[in-house]
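Worksheet: the structure to be examined is printed underneath.
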Amino acid sequence: MKKPIFAAIFLVIGLVIGGGLGVYYGAQHIGRPTGRLLVLGATAFKGINAIQLYKKGEYLAAREALLDYVKTLEEVAANPDYGDPRISRTDMALTLTRLALLEEANGHQEQANEFMHRAVEEAKFTRWEEPSEKNLRRFIEEVDKYKPLIKQ
């Protein structure tokens with residue numbers, strides 16, 4: 001009679017330990033991609049918000065949001081878990097171009113020049129065919145003409 005009780009107890013203990021380890025290791029491996037997606041999703045949301053403020057012409061709010069987005073992109077580009085850093089640095093080049101245009105429109109030419117210089121450097125890193133102020137400016141001006149596909 002004692003053998004079936006001990007067998008049942010060991011079976012329950014084994015199931016609890018095995019289930020606990022399975023949940024722990026599953027969370028370790030499944031949680032990583034989920035965490036990455038959350039960071040990338042939050043980064044994308046920051047970018048959308050920054051561009052909306054930029055398009056509305058709200059200088060201070062847009063400037064702050066664009067700078068925050070650049071900072072976030074720098075963090076994402078520095079972390080190899082988020083993939084090829086050229087993707088984030090391309091966004092950084094375009095965001096810095098928008099910052100330059102924003103500063104220029106508000107009469108801050110020196111700051112505009114600094115942002116544009118940084119934008120060109122980021123574009124060079126990403127291997128744009130012709131990374132120049134003229135091409136970055138033309139690209140942003142062309143992209144900003146179009147209305148978004150999703151109603152905002």
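One table, with the values for the structure above:
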quantity	calculated
The stretch 45-63, subset more than 17 Å from residue 73 (Cβ to Cβ) and among the hydrophobic types (A, V, I, L, M, F, W, C), residue surrounded by the most Cβ atoms within 10 Å (Cβ to Cβ)	61
Residue 54 vs. criteria aromatic (Phe, Trp, Tyr) and at pLDDT 80 or above	yes
Single match in 100, 105 (criterion: out of contact with any Gly (no Cβ under 6 Å at 6 or more places or on another chain), modelled with pLDDT of 90 or more, surrounded by 14 or more Cβ atoms within 10 Å (Cβ to Cβ) and closer than 21 Å to residue 65 by Cβ)	100
Residues being in a helix (DSSP H, G or I) and either modelled with pLDDT of 95 or more or more than 15 Å from residue 98 (Cα to Cα) (or both) - total across the stretch 119-152	2
Set 84, 68, 91: member being over 25 Å from residue 135 (Cβ atoms) and charged (D, E, K, R)	68
Lone qualifier among 93, 77 - being under 20 Å from residue 146 (Cβ atoms), under 17 Å from the mean Cα position of the chain (by Cα) and either hydroxyl-bearing (Ser, Thr, Tyr) or surrounded by 15 or more Cβ atoms within 10 Å (Cβ to Cβ) (or both)	93
Criterion (touching a helix residue (DSSP H, G or I) at 6+ places or on another chain (Cβ under 8 Å), of a type outside the set (D, E, K, R) and at pLDDT 90 or above) met by exactly one of 112, 78	112
Cβ pairs under 6 Å, 6+ apart, first in the stretch 94-108 and within 17 Å of residue 120 (Cβ to Cβ), second part of a helix (DSSP H, G or I) and polar (S, T, N, Q)	103/111
Residue count, the stretch 122-143 (criterion: surrounded by 15 or more Cβ atoms within 10 Å (Cβ to Cβ), over 18 Å from residue 53 (Cα atoms) and of a type outside the set (S, T, N, Q))	9
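The values are calculated or read from the model by the stated rules, or taken from the named source; none is laboratory data. Since the structure is predicted, the reported quantities are computational estimates derived from the model, not experimental observations. Cβ atoms come from the backbone with ideal geometry, glycine included; neighbour counts cover every protein chain shown.
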